[in-house]
Amino acid sequence: MQAVKNKSPQWMNFVDKTENFLFIVPAVLIFGIFYIYPFYDIFTLSLHEWNGISFNLKFVWFDNFVELLQDGGWWVSMRNAAYITFVALTFQNALAFALALACDRQIRMKGLYRVIFFIPPVLSEIVVGLIFSWILYAGIQDGQHIGMLNYFLDKIGFHHLVNDWLSDPKTALTCIAIMHSWKGFGWGFLMLLAGLQTIDRQLYEAARVDGAGAFHTFWHVTVPMMLPVIMVVMILTILGSMQAFVLILALMGEGLGDHTAVPVTKILSAMIKQKRFGYACAMGVNFGVVLVFVSIALKKMSNRMKQV
Amino acid sequence: MKRNIVLIFLLILAVCITGCGKPAAKKDEVVVWHWMTDRDKALQTLAEKYQEKTGVTISLELYAPSNIYSQKIISAAQARVLPDIFGILDEKEILGEFIKSGNVANLTEAFQANNAVWKKSLFPRALAASQFEDGNFYDVIPGIYGVPLDVTNIQMLYNKKLLEKAGIKNPPGTFKEFLGAIAALRRVGISGMVSGWGEPWLINCFASNYAFNIVGEEKIMATYRGEVSYTDSDWLKVLGVFSTLHKKQALMEGIATKGNKYAEQDFALERAAFAFNGSWCVNVYNNMNAELEYGVMLPPAISKNFPMKIWGGAGSSFVVNDKSPNKDKAVAFLKWLTAKEQQAYLAKETHNLPSNRQALDAIPEILSEFAEAMDSTTHPTIWELNEDALVIEAFDRGIQSIIIGEKSPKKVAREVQAIKERQMKKKKR
């Protein structure tokens, strides 16, 4: 008691504050070590020329970024990722929303459908790649198409549609985009279904009493109520699709030149094949900045829509 | 209470800090990181045998596939946590960097001991892959830095039954005969050649065979030095090989994006009459279709000016961590592993060509066919210099474009040359 009395108020204030800081130190440490430091390190490396092993790192200022701006292949990979994202945003999310709406109604065996629709996201991307490589296979044995899709097209008389799907620059990227959508729609389905189930059923009752048809109810009740969930699904779809690459590796190894390259495969190639760690880091920084901007834009759009 | 919180915090901090340290090396344990899925079981058996014999534990850790392994090794080198024994699967320049950064031990002394008996037992071409000569381009202290576990070469294979079905009695010896065989095969609905050209290094390997045959080694090196252009008529002929293969429909559908494991499956299941693959395929085909009847041939030559050279040499090599406290034990284990008895066991179990020539008597017939071409082998690791990685990538991707009919050889040559010139300028700067 005597000891406490002897300490000045300033000292007690200091101890209190230090204690408070002590509580947030673990979080700050984890955030600093696993988020801030790697980003700082990647940015620092992006200003160097380095093969990943040598002790000698050559400081090259912003040369890697200048080269990146002139690297046509990098921007083609960005465009490819944007195309996959566009297909995911439209086809994948429309499918997820339609199926979520169907499962939200009083239909038979809807529990089973929910399980079935959630199987693709649970599967490993390597497995999905193997399954689709079998479906899209283009070989012939004893005059018969071995690939499932080509075999089916041939059997039903659409011989002219038989194609070397993955080695044709016109179809390879679309195949990947569709495969990615098939793999990913289950997440959107689950989130949208959860969102649909939170809508107060009395709103639908009221709309029906007011004479609203199915489309009007959907447009004026379901869609506005679902906007926050739709925005979250969109943001996750964009971030997930822009970074898709495992499926490409599983389906077609290093891919069909720039036709199926996406930013992550380009970064991997610069790092592993070309041993240009600095350039790969510059790609990573550039890609990260693009994704941050896209996320901020979507957040702003979401806020504006909420106000409307 | 406050004191307890502070103590808990300090304890967590201490655990975090000590947890970041390197695991302590065990005295009688040699840790090996490898990537050879097909050889894992046989290596484990040998490791157990070695432990029984010497009391030294060999801990084999498998990390596959090879590209992931390669990345793991680089990350481990950066974090200074390399194991006692590991492999470097990249080009010689990277091996040189590992050596210069003190991660790989110079084994010359061990090889030269006892009248160089260890060195003499191994194929010189296998050793060459990790050997640096005086005044080498990579600025590495001369010496032998790796131990080859087996040797390999990449050739063409033909399915005897399918050729017979198309009325072809002998495998083609020239490129013209090869195209004739393809036409005959197509008439009976059989696909021509398959390979894992979705993995560009295999395209590069095939192109390199024809470059040696058409362009010749001297001119190839001159091209790498920037003295000859890729738009030179000889290089156009090399690229023209792929254009001809595309036009004559000699390649199996989907080859441009096919991984080698799928290509191996296609050949094993008799979906294509020819394959371009390495000697490791003997084990793969044996597992997929033990009934497969096939033979080995050099890729059919086009030009008579230069001999056809195929990629080959050391298949899988191990290096020893120079910073390892168990360096001597690691070297002793590798010496034992490459001795005749162990090599014969590995060849029998894994169908790979042994690096120890005394063990050649024990190999199956098909492997002997591969072994016959060892004199025709070459490899980028033994060339006086290698092409820039970006140029190689553009070259391989360009060939991919040719075989899908997207670009002409001339266009690809121009694009590759443009990248070559850009890289030359950058290097000068």
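The values are calculated or read from the model by the stated rules, or taken from the named source; none is laboratory data. All values derive from a computational prediction rather than experimental measurement. So basically every Cβ, Gly included, is an ideal-geometry build from the backbone, and we count neighbours across all protein chains shown.
Quick notes on this one:
- Where helices (runs of 4 or more DSSP H) sit wholly within segment A:1-120, those with at least 1 residues that are touching a residue at least 24 places away in the same chain (Cβ under 8 Å) occupy A:37-46, A:63-70, A:72-87, A:93-104, A:110-117.
- Residue satisfying condition, being surrounded by fewer than 16 Cβ atoms within 10 Å (Cβ to Cβ) and either within 24 Å of A:V262 (Cα to Cα) or away from chain B (no Cβ under 14 Å) (or both), within set A:L173, A:L123, A:L166: A:L123
- Condition check for B:I168: among the β-branched types (V, I, T), more than 24 Å from the chain's Cα centre (by Cα) and at pLDDT 95 or above: yes
Residue-wise test of (1) part of a helix (DSSP H, G or I); (2) at pLDDT 90 or above.
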position: B:V320; (1), (2): no, yes
position: B:P325; (1), (2): no, yes
position: B:V331; (1), (2): yes, yes
position: B:A344; (1), (2): yes, yes
position: B:Q358; (1), (2): yes, no
position: B:D361; (1), (2): yes, no
position: B:E387; (1), (2): no, yes
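- Among the residues making up segment B:244-274, those that are touching a helix residue (DSSP H, G or I) at 6+ places or on another chain (Cβ under 6 Å), among the aliphatic types (A, V, I, L, M) and within 13 Å of chain A (Cβ to nearest Cβ) are B:L251, B:A256, B:A268, B:A272, B:A273.
- Candidates B:G189, B:G173, B:G135, filtered to the one that is over 26 Å from the mean Cα position of the chain (by Cα), farther than 30 Å from B:V32 by Cβ and not β-branched (V, I, T): B:G189
- One residue from A:P38, A:P26 being surrounded by 13 or more Cβ atoms within 10 Å (Cβ to Cβ) and either out of contact with any Leu (no Cβ under 8 Å at 6 or more places or on another chain) or modelled with pLDDT under 90 (or both): A:P26
- Any hit, segment B:9-23, residues being out of contact with any Gly (no Cβ under 7 Å at 6 or more places or on another chain), farther than 22 Å from A:F34 by Cα and either loosely packed, with under 11 Cβ neighbours inside 10 Å or modelled with pLDDT of 90 or more (or both): no
- Here A:A282 meets each of (1) in a helix (DSSP H, G or I); (2) away from every other protein chain (no Cβ under 14 Å); (3) out of contact with any Phe, Trp or Tyr (no Cβ under 8 Å at 6 or more places or on another chain); (4) crowded, with 17+ Cβ neighbours inside 10 Å with one exception, condition (3).
- The set of residues from segment B:213-245 being under 30 Å from A:I248 (Cα atoms) and surrounded by fewer than 18 Cβ atoms within 10 Å (Cβ to Cβ) comprises just one member, B:T244.
- Helices (runs of 4 or more DSSP H) fully within segment B:220-290 counting 3 or more residues that are assigned by TED's automatic domain parsing to the domain that holds B:W197 and modelled with pLDDT under 95: B:260-268, B:281-288
- Any chance A:L161 is within 14 Å of chain B (Cβ to nearest Cβ) and of a type in the set (A, V, I, L, M): no
- Among the residues of segment A:142-158, those that are within 14 Å of chain B (Cβ to nearest Cβ) and among the charged types (D, E, K, R) comprise A:D142, A:D154.
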